[in-house]
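A.B. asks: Let me begin by handing over the structure; questions about it come next.
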Amino acid sequence: MPSKPAQIHLHPVAKTVAAAPGTPLADVLFPEGVEFPCGGRGRCRGCRVRVLAGTMEPGEAEQRLLSEKEIADGWRLACRHQVEGNVSLAIAQWESPILADNSTYAFERVEGLGVAVDIGTTTVVAQLVDLRNGSVLAVRAELNRQARHGSDLMSRIGASVTDAGGSALTGAIRRQVARMIGELMRAVVERDLPPVRGVVLVGNTAMHHLFGGLDAEPLSRYPFEPERSDALRWTASELRWTGLPEACPVTFLPCIGGFVGSDVLAGLLAVGFDHRTSPAAFLDLGTNGEIVAGNGDRILCASTAAGPAFEGARISMGMRAATGAITAVHQLNGKWECRVLGGGEARGICGSGLVSAVATGLDLGTILASGRLARGDTWMIQEPVSLHQCDVRELQLAKGAVAAGIELLLSALEIPCSEIETAFLAGAFGNYVSLESALRIGLFPFAGERVTPAGNTALLGAKIALHAPDPVALCNAFRKRITHVSLHADPDFQEAYVSAMRFPDPARVGA
Amino acid sequence: MNQNIPEKWKSLYDAVLEGNAAAATAAVDAAIEANESPQTLVDEYMIPAMDDVGEKFEQNEYFVPELLISARAMKAALTKIQPLLTASGSQPKGRVALGTVKGDLHDIGKNLVAAMLEGGGFEVIDLGVDVDPDKFIDTARASKVDIIAMSALLTTTMPSMKTTIEALKAAGVRDGLKIMIGGAPITQEFADEIGADAYGDNASTAVSIARSLVAS
Ligand code: B12
Ligand code: FES
């Protein structure tokens, strides 16, 4: 008997989504912008939801991670549940901008609303925040409309230097953000809200330049020095953005240096990197892997240009994390089992699926430490999706670049990786990739228990900045302490990169 | 794969194929001690070994690390043999000036191409990264270069290849040269479009292409 879709009502954004019973709740909430910091494995409490109407029986993970009172109050871990019937849920992540419960970042209560926007090369996320209590009133996430002019950063920079290309890209992103803000305002049901007192935007250096209408040509070639890396400021009326008070300041936060932008700067603020006195690292992995390492005194950062493998691109059957994507491959009694997003037929494999498949392949012996497939040139992981030898090679190129970058930054700081107390894993990748798999393929050298998935820290940092009396001053003070390192200038890069292309032996994983 | 490697110094062939630099130099020492001709060692053992390394690489069996360690073993053996070769007046298969183009710094692919060309018996002048068109011109003028090889990894630096070819033409040195290009974003169509003589997809084909370019 085909089951009727259930209605899932989300608070406080007042949105209802329909989903078939049996669908993992994570698959329903993720597209809505909810994050799963530990990858949805019942480890972190990050995906807490409160059942306001309907029922969801608490399970083992809730007993372990939530207090009795929390459970009685209706708190559950979204990642541990499937859709059963109609429910009304409050999303913890949207209630307060503090992601980690032990975050030392206290925000000041401020009268008014704020809009935080994270302009990624691929996606744009915007949140409307009530700055009096930090709660999120509405969320919008979309693909970056500039993608029409090239999917990766370099092709976009290339497009911007052609005639009229720059203004087209600038126009596209400004119009998109303006429209998203309009939609955020209209999505709010509450009346009598105070006016928006500021908009804060974050993004990498290329996004900063393209939003700001700056000349991106210097970013296209050696020495890759941005034209400007300071904060960019407008008022809503200067941008001709209607729906906001005319004098409402719109601020693109300053970049750190090179390709490393305010998304990383904001991310560092979000995890409290500015207050740390002990060694820590921060990784934001996407097409452009960014790495930060600090010894409590000095902070170094670099970009490693890993390539698009982590996002499933340039992989023979690669795809984005959408319905039909294999997101994980688990080992099961010497065999393996795939998890397919949406539960239906497999159509392809996404970045997290690739990492997980290779990790499992290494454990099963279908992939050797050299990256060579042990039997033939393809591995059929689930009809019709197979992994080809060249896909493993692509992953080796990407993960090697990240691992080598980390190694070189740590050696520049003269600290062994065992001294890194916490390694924050930011961004969408950190949200969905399994930590075990990442460790198994040797993506980073830290012990598993020291890695903290931190979610969309860029957006969180933007929200923290909204609460600050002067967001730019806050960023500038911190930015001065960070040194950008160009990895290409390091004579040891090739050696470190090439040895990091191999996969670690099982005994050395995470050691 | 090469089936007919003479048994005599097969240990040299094996050492290069497996990337064992110590075994490769030991084999060279033993062969020289036994009065083997250095040219024979290069032509019948080392170049065939690197050809097979290249083939394994093309077939995805070997990857960058394996290619690099084999190239190192080759280089170690070659360093021992080179003085003897020079003394016997033997000539390289050809001379290649190689560099990563202006604006670009990615050099790992270029380094592999250099190693494979050397392994294939070519003399390589490595011009490094961010190479200005003038530097290619100067090198073409100063040394008798058969081939100019360019590498680019960024879509934004691909146009530098075109600029360089135009500069070589303007300087009047283009005609005596063959030009080959490569790097991840490069395609055959692009090579045709900018008037390069050849495009190579990987470090192994770079060698076979270079061979056919000097033969033509
Ligand atoms: C390693 C790497 C780096 C290293 C380079 C170190 C070095 N010394 O070379 C570092 C980290 C420094 C780096 C920097 C940058 N990188 Co980078 N990098 C890479 C990466 C991961 C691998 C490239 C590589 O070495 N491949 C291995 C070699 C062996 O392969 P190959 O170069 O293609 O060469 C083979 C063939 O092409 C051929 N070949 C090559 N040359 C030639 C020449 C001839 C004549 C022939 C016949 C054949 C041939 O033979 C080789 C062997 O078979 C790629 C992504 C990827 N997964 O490919 C990005 C990538 C090339 N980088 C990219 C970018 C954008 C950058 C930066 C400009 C920006 C950034 N994000 O940091 C910076 C430069 C600025 C700076 N401040 O340093 C982009 C380019 C995108 C585009 N559309 O152009 C890529 C694709 C990653 C991405 N984001 O998508 N990078
Ligand atoms: S506990 Fe659910 S995502 Fe971590």
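The values are calculated or read from the model by the stated rules, or taken from the named source; none is laboratory data. Just so you know, these numbers come straight off a predicted model, no measurement behind them. FYI the Cβ positions are ideal-geometry reconstructions off the backbone, even for glycines, and counts take in every protein chain you see.
A.B. asks: Inspect all residues belonging to segment A:158-174 and state whether any of them is free of Cβ contacts under 8 Å to residues at least 24 places away in the same chain and charged (D, E, K, R).
C.D. replies: yes
A.B. asks: Mind listing whichever residues of segment A:137-169 are closer than 27 Å to residue A:184 by Cα, among the aliphatic types (A, V, I, L, M) and not in a helix (DSSP H, G or I)?
C.D. replies: A:137, A:138, A:139, A:141, A:143
Listed here are the residues, each with its yes/no results for (1) at pLDDT 95 or above; (2) among the basic types (Lys, Arg).
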position	(1), (2)
A:174	yes, yes
A:190	no, no
A:207	yes, no
A:222	no, no
A:251	yes, no
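A.B. asks: Restricting to segment A:479-506, and then to whatever is surrounded by fewer than 19 Cβ atoms within 10 Å (Cβ to Cβ) and assigned to a helix (DSSP H, G or I), can you tell me which residue is farthest from the other protein chains (Cβ to nearest Cβ)?
C.D. replies: A:506
A.B. asks: Where residues in segment B:77-124 are surrounded by fewer than 18 Cβ atoms within 10 Å (Cβ to Cβ) and aliphatic (A, V, I, L, M), which of them is nearest to the chain's Cα centre (by Cα)?
C.D. replies: That would be B:108.
A.B. asks: Give the residue, chosen from A:321, A:305, that is in a loop (DSSP other than H, G, I, E, B) and either within 15 Å of ligand 1 (Cβ to nearest atom) or within 14 Å of chain B (Cβ to nearest Cβ) (or both).
C.D. replies: A:305
A.B. asks: Okay, next question. Kindly indicate whether residue B:170 is buried (at least 18 other Cβ atoms within 10 Å of the Cβ) and either over 17 Å from the mean Cα position of the chain (by Cα) or at negative phi (or both).
C.D. replies: So residue B:170 fails the test.
A.B. asks: To continue, here is another question. Assess whether residue A:401 counts as being over 18 Å from residue A:318 (Cα atoms), within 16 Å of ligand 1 (Cβ to nearest atom) and within 11 Å of another protein chain (Cβ to nearest Cβ).
C.D. replies: yes
A.B. asks: While we're on this one: Any residue in segment B:57-68 that's within 10 Å of residue A:393 (Cβ to Cβ): show its pairings with residues that are of a type in the set (Asp, Glu) at Cβ separation under 9 Å, as long as the two are six or more apart or on different chains.
C.D. replies: These pairs meet every condition: B:60/A:377.
A.B. asks: State all residues of segment A:464-496 that are farther than 20 Å from residue A:420 by Cβ and touching a Gly at 6+ places or on another chain (Cβ under 7 Å); if no residue qualifies, say none.
C.D. replies: If the condition is that a residue be farther than 20 Å from residue A:420 by Cβ and touching a Gly at 6+ places or on another chain (Cβ under 7 Å), then A:466, A:486 are the ones that fit.
A.B. asks: Please pick out the residue among A:462, A:374, A:369 that is over 16 Å from residue A:289 (Cα atoms), of a type in the set (A, V, I, L, M, F, W, C), touching a Pro at 6+ places or on another chain (Cβ under 9 Å) and within 14 Å of another protein chain (Cβ to nearest Cβ).
C.D. replies: Exactly one residue qualifies, and that residue is A:369.
A.B. asks: While we're on this one: Only one of B:76, B:31, B:23, B:49 is more than 24 Å from residue B:92 (Cα to Cα) and part of a helix (DSSP H, G or I); which?
C.D. replies: Just a single option satisfies the conditions, and that option is B:23.
A.B. asks: What number goes with the only condition from (1) in contact (Cβ under 8 Å) with a residue 24 or more places away in the chain; (2) under 25 Å from residue A:216 (Cα atoms) that residue B:146 does not pass?
C.D. replies: So residue B:146 meets the others, but not (2).
A.B. asks: Right, here's the next one. Only residues that are among the charged types (D, E, K, R) and surrounded by 12 or more Cβ atoms within 10 Å (Cβ to Cβ): list them for segment A:39-80, please.
C.D. replies: Those that are among the charged types (D, E, K, R) and surrounded by 12 or more Cβ atoms within 10 Å (Cβ to Cβ): A:41, A:43, A:45, A:48, A:50, A:62, A:70, A:76, A:80.
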